[in-house]
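Novice: If you scroll down you'll find the structure; I have some questions about it.
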Amino acid sequence: MASVGQPRILTPDHRLRVFVSSTLRELALERMAAREAIASLHLAPVLFELGARPHAPRDLYAAYVDQCDVFVGVYWQSYGWIVPGRDISGLEDEFDLAQGKPMLLYIKDPAPEREERLNALIHRIENEAGPAYRTFSSPAELGALVTDDLALLLAERFHTYADEPEERSRLPARTTSFVGRDDELAELQLLIERSDVRLVTLTGPGGIGKTRLAVEAARRLAPGFRDGAAYVPLERLADAELAPAAIADAVGLSSLGPDQESGLARWLRERRMLLVLDNFEHLLAAAPLVTRLLEAAGHLEVIATSREPLRLQGEHEYGVPPLSDAPALFMERVEAVRPAVAWDEANVRAASEICRRVEGLPLAVELVAAGARMLPPRTLLEHLGSSLHAPSPGRRDAPARQQTLRATIDWSYELLEEPERDLFERLGAFGGSFTIEATRSVAGGEGPAVLASLSALVDKSLIAHSVSESETRFRMLHVVAEYAAERLADRADADDIRSKHAAYYSELGGAAYAGLRGSEQRAWKEVLEVEAENLRRALAHLTRTGRLDDAAEVVWSVWPYWFSGHYLEGRKIVGDLLRSPGELSEKARARLQSVEGLLAALLSDLAAHAELEGALEWFEAHDDEEGRAIALAGLGIATAPMDADRARTYMLESARLFASLGDAWGEAIVLCTLAWLDAGRGDFTREDLVERAYSLARYVDDDVATAYAATNLAELHLARGRPDEARGALDVAFTAYDALHLGDLLSYALEPAAGLASRADRAEEAARLLGAADGLRDEVGVPIWGPRLTRFEALVSSARATLGDERFDARWAEGRALGFDAALEHARHALRPVPRP
């Protein structure tokens, strides 16, 4: 603690403080390099500077050293300023004061004129702490050393900080303790921290613990990355083309644009981030994407988990061994389900033997331990001896999962009663999580019997469940779900069970039809979000069995869900269905073409026109008003960049049709798009349309529609000279954008915010916001919508004329570098009215 009378130095966010000790004059550039390195790790650099101070110099630097967490010493040739009243320099005094703190010491070479007293201090360091310093020759080299050494120090000495909530990291929260992997964790950390290693792939059979080890390593390493760590679960992706979107979602980038890989690479380019790509083995076609991202983003590092190497340049494979302390894990998990267990000699011996027989596979250990609910360990061992088969001597090229972990799940499966086995196999039809009602749809028995079997599967840890206020959902571990799916495939009635699954989710999609188009839209989107994988499986089964019209009916019911940032996923599903072999009615084909065309238009794909025009022709010939409304909306969006007047005609007719059908969401979206087009042209004559769009968007409670409509309303108020009303509308818009995290959409709302700043004579703030709008669009690879370009350029020209080229360019550059969160914060600041004198 600082002595009485010393100043107290605090950082506002209580970050770790790093004190830098060096002479001021001869190491000015080095001090700057050290400061920047420390700040890049989100730590607080603390440097003492001589000058007029209200405290004695020694009191001041003593307080700085005392209140810091880490000491960094940088020395070259000068021994430095001698402290008044003492016979040592401030440099040596600071070193003495820092004793007991973590230290990082650096000496610049060559030093032909190094003073003798500094040589003595260096010799003292060698005598007291061994050669505990590193040499460097330039400020850049020092900065790199400080960055690397501090990151390692954080992981080793301050790792408990990483266990606290970390805003910069998007890693799964721990649900159980991390047991028995300390040696592997240390090895993995050292490997990843090497300067020549940027891609590490953890390999091994299913259930070996690759994911747990990778996430724990990322949790420890995250403080060393300025932008933290993110976890990307790949196990539920069935298509390698969806990998960029999955990575973008994990890092918080919700919109990628038509060239999704380029948008992702562009966003990552300036980030210092660690990615965990989990369960890569079934998406090896996407492996080259990892290389391209690493090449584009020089500060990106990747930990992948896979049952086989990715076989990429620069890849370092880390084979995850069986758990060396598996009995400790087994005992802990047994105590979780059987708290009164007595660890006498017989049970301890049984724990060791069970772990030996399952070859130390963590998942196998946990599955066996779950049986302790019914039997003590010594009795479990007896059943294990007769029921769990040894590794199979079959195919040598079979994956390890099929030779070891399969045996463990076989044993768990054999312990099930017949009704439980039957239900377990039927549950292989599901993907992701599922409800009790969905379970009943595929089950063969009566309600009470199904519930009893489901409860037994939960008790035996083959299924996990989570409870919310609205429902209970069930989920299998991925490897268990694979096993259940294989068991289902072996059944004679497998297609019948999958058909029941498809029927249930087809009915769910049908129920969503009305909800997605009215005031219940938000709730239905949440339902479809958690059921997305089951809907994909249902559509795949309907397509595989030739029921293309039934699949098209599901698509027609749920397509508004894809409108909220899921354009790529929706377009791929619809495109695959259109190109599937089999009979597809003209009506179903026209519907699918209109949905695919609309999604393509939203992605600025010119190929949308042909499909939309063909669909519209069929709808008009068969008096299909709903189909016409959707096709016209798509044509309006697709046509606007080339012919705004024609696009308005399409949109007005589409809005009229949606209104006549009572489709509030469809009308709101089309009117929002129409008002967006008008705002880009500076046409605010149809105030009634803008206000109706806003009213409908609030009624259906849809974030996308609300964001669009409130932005348009703000533009209208601003054009009519109503700045207070414009601020209120933008406040609503920014709340919606914050929930959506769609950078390309937010960019358009920054324009009226810049207008408000200009009206308040805050021209520099306006220029910064315009730069941010341009930067956000560039970040996700989505160019400005053609009809808005002329107006945006006019705003830029006006701000440049006010500020002059030099000031404008500086603020523009600052804005382009802001990113989504900072841009939103600056925009909200623009809403605050300037106080009147």
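Novice: Being small (Gly, Ala, Ser) and at pLDDT below 75 is the filter here; which residues of the stretch 64-99 pass it?
Specialist: GLY85
Novice: Quick one: TRP812 ticks every box in (1) touching a residue at least 12 places away in the same chain (Cβ under 8 Å); (2) open to solvent by 40 Å² or more (accessible area, probe 1.4 Å); (3) more than 23 Å from HIS829 (Cα to Cα) bar one, so which box is it?
Specialist: Here TRP812 clears every test but (3).
Novice: Looking for something under 23 Å from GLY775 (Cα atoms) and surrounded by fewer than 21 Cβ atoms within 10 Å (Cβ to Cβ) - is there at least one such residue anywhere in the stretch 280-290?
Specialist: Within the stretch 280-290, none of the residues are under 23 Å from GLY775 (Cα atoms) and surrounded by fewer than 21 Cβ atoms within 10 Å (Cβ to Cβ).
Novice: Another question about this same structure. Which of the residues spanning the stretch 648-687 are in contact with an Asp or Glu (Cβ under 6 Å, 6 or more places away or on another chain), free of Cβ contacts under 8 Å to residues at least 40 places away in the same chain and buried (at least 19 other Cβ atoms within 10 Å of the Cβ)?
Specialist: ALA655, LEU657, PHE658
Novice: Could you please give the count of residues in the stretch 168-204 that are part of a loop (DSSP other than H, G, I, E, B) and either farther than 21 Å from ALA297 by Cβ or at pLDDT 85 or above (or both)? Walk me through how you get there before you give the answer.
Specialist: Going residue by residue through the stretch 168-204, those that are part of a loop (DSSP other than H, G, I, E, B) are 168-169, 171-181, 194-198, 204.
Now restrict to residues that are either farther than 21 Å from ALA297 by Cβ or at pLDDT 85 or above (or both): 171-181, 194-198, 204.
Result for the stretch 168-204: 17.
Novice: Something else: Restricting to the stretch 77-94, name every residue that is in contact with a Leu (Cβ under 6 Å, 6 or more places away or on another chain) and either surrounded by fewer than 18 Cβ atoms within 10 Å (Cβ to Cβ) or not in a helix (DSSP H, G or I) (or both).
Specialist: TYR79, GLY80
Novice: Then there's this: Looking at ALA503, ALA492, ALA485, ALA449, which one is free of Cβ contacts under 8 Å to residues at least 24 places away in the same chain and either open to solvent by less than 70 Å² (accessible area, probe 1.4 Å) or not in a helix (DSSP H, G or I) (or both)?
Specialist: ALA492
Novice: Please state which one of ASN127, ASN119 is more than 23 Å from ALA44 (Cβ to Cβ), part of a helix (DSSP H, G or I) and modelled with pLDDT under 85.
Specialist: The conditions single out ASN127.
Novice: For residues in the stretch 619-630 being part of a helix (DSSP H, G or I) and open to solvent by less than 50 Å² (accessible area, probe 1.4 Å), which is nearest to HIS566 (Cα to Cα)?
Specialist: Among those that are part of a helix (DSSP H, G or I) and open to solvent by less than 50 Å² (accessible area, probe 1.4 Å), it is ILE630.
Novice: Of all residues in the stretch 532-548, count the ones that are in contact with a Ser or Thr (Cβ under 8 Å, 6 or more places away or on another chain) and surrounded by 18 or more Cβ atoms within 10 Å (Cβ to Cβ).
Specialist: The number of residues fulfilling the criteria is 5.
Novice: Here are some residues: ARG421, ARG440. Which one is open to solvent by 40 Å² or more (accessible area, probe 1.4 Å), within 19 Å of HIS501 (Cα to Cα) and in contact with a Leu (Cβ under 9 Å, 6 or more places away or on another chain)?
Specialist: Result of the check over ARG421, ARG440: ARG440.
Novice: Now for a separate question. Just checking, how many residues over the stretch 24-63 are closer than 24 Å to GLY228 by Cα, open to solvent by 60 Å² or more (accessible area, probe 1.4 Å) and at pLDDT 75 or above?
Specialist: Residues flagged as closer than 24 Å to GLY228 by Cα, open to solvent by 60 Å² or more (accessible area, probe 1.4 Å) and at pLDDT 75 or above within the stretch 24-63 amount to 3.
Novice: Among the residues of the stretch 688-746, count how many are open to solvent by 20 Å² or more (accessible area, probe 1.4 Å), part of a helix (DSSP H, G or I) and small (Gly, Ala, Ser).
Specialist: 4
Novice: Restricting attention to the stretch 571-614, which residues are among the hydroxyl-bearing types (Ser, Thr, Tyr), open to solvent by 10 Å² or more (accessible area, probe 1.4 Å) and part of a helix (DSSP H, G or I)? Walk me through how you get there before you give the answer.
Specialist: Going through the stretch 571-614, the residues among the hydroxyl-bearing types (Ser, Thr, Tyr) turn out to be 580, 585, 594, 604.
So of that shortlist, the ones also open to solvent by 10 Å² or more (accessible area, probe 1.4 Å) come out as 580, 585, 604.
The answer is none; no residue qualifies.
Novice: Among what's in the stretch 332-377 and is farther than 24 Å from ILE463 by Cβ, modelled with pLDDT under 85 and outside any helix (DSSP H, G or I), pick the residue that is most open to solvent (accessible area, probe 1.4 Å).
Specialist: ALA340
Novice: Looking for something under 16 Å from PRO172 (Cα atoms), more than 17 Å from the chain's Cα centre (by Cα) and either among the basic types (Lys, Arg) or assigned to a helix (DSSP H, G or I) (or both) - is there at least one such residue anywhere in the stretch 238-249?
Specialist: We begin by selecting, within the stretch 238-249, every residue under 16 Å from PRO172 (Cα atoms); these are 246-247, 249.
Narrowing further to those that are more than 17 Å from the chain's Cα centre (by Cα): none.
No, that holds for no residue.
Novice: Another question about this same structure. Select from the stretch 305-321 the residues that are open to solvent by less than 70 Å² (accessible area, probe 1.4 Å) and assigned to a loop (DSSP other than H, G, I, E, B) and write down the one among them that is modelled with the lowest pLDDT.
Specialist: Kept after step one, since they are open to solvent by less than 70 Å² (accessible area, probe 1.4 Å), are these residues of the stretch 305-321: 305-307, 309-310, 312, 314-316, 318-321.
Those left that are additionally assigned to a loop (DSSP other than H, G, I, E, B): 307, 309-310, 312, 314, 320-321.
Values: ARG307: 78, PRO309: 86, LEU310: 91, LEU312: 94, GLY314: 93, VAL320: 86, PRO321: 85.
Applying the filter and picking the extreme gives ARG307.
Novice: Just one of ALA773, ALA766 is small (Gly, Ala, Ser), crowded, with 22+ Cβ neighbours inside 10 Å, in contact with a Ser or Thr (Cβ under 7 Å, 6 or more places away or on another chain) and within 24 Å of GLN260 (Cβ to Cβ); which is it? Working first, answer last.
Specialist: On the way: ALA766 fails: within 24 Å of GLN260 (Cβ to Cβ).
Exactly one residue qualifies, and that residue is ALA773.
Novice: Could I ask something else about it? Can we say ALA285 is under 14 Å from the mean Cα position of the chain (by Cα) and over 23 Å from ARG816 (Cβ atoms)?
Specialist: On the way: under 14 Å from the mean Cα position of the chain (by Cα): no; over 23 Å from ARG816 (Cβ atoms): yes.
It is false that ALA285 is under 14 Å from the mean Cα position of the chain (by Cα) and over 23 Å from ARG816 (Cβ atoms).
The values are calculated or read from the model by the stated rules, or taken from the named source; none is laboratory data. Bear in mind the structure is a predicted one, so any value in this text is a computation, not a measurement. As a convention, Cβ positions derive from the backbone with ideal geometry for all residues, glycine included, and neighbour counts pool all protein chains shown. When the accessible area is computed, the model is the full protein with side chains, heavy atoms only, and any ligands, DNA or RNA have been set aside. Shrake-Rupley method; radii C 1.70, N 1.55, O 1.52, S 1.80 Å.
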